[in-house]
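A short worksheet on the structure shown next.
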Amino acid sequence: MSMPTSLKLCMIATFYAFIYLFLLSQIWKASNSTVVKTPSLSLEYTNTPLGEWLSKNLPAMSFLGVKLWQLPYELLHQ
């Protein structure tokens, strides 16, 4: 099987891991190494009950790409 000519790669560097995504025919596919890390990435990046409550109860506004609920979450979640 040959590689498509329009293959695009997106690498997201997080504090915890690299996430590799490939765009194939308008569908993003995750690499095997990313899929293996899914359980640990889920634990690392899932909101706590506090984050869930804040995201549902504060207005859906953002400033400089940061949602309003994320500011108190980062201060209180420490």
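The values are calculated or read from the model by the stated rules, or taken from the named source; none is laboratory data. Note that the structure is predicted; figures quoted are calculated from it, not measured. Note that each Cβ is placed from the backbone with ideal geometry, even for glycine, and that neighbours are counted across all protein chains shown.
Scanning region 46-78 for residues that are part of a helix (DSSP H, G or I) and at positive phi yields a total of 0.
For the residues 54, 76, 41, 68, the requirement of being surrounded by 11 or more Cβ atoms within 10 Å (Cβ to Cβ) and in the same structural domain as residue 10 (by TED's automatic domain parsing) singles out 41. Residues in region 23-34 that are outside any loop (DSSP other than H, G, I, E, B) and surrounded by 11 or more Cβ atoms within 10 Å (Cβ to Cβ): 23, 24, 29, 30, 33, 34. With respect to the conditions (1) surrounded by 10 or more Cβ atoms within 10 Å (Cβ to Cβ); (2) modelled with pLDDT of 80 or more, residue 61 falls short on a single one, namely (1). Of all the listed residues (4, 49), the sole one being at pLDDT 70 or above and more than 15 Å from the chain's Cα centre (by Cα) is 49.
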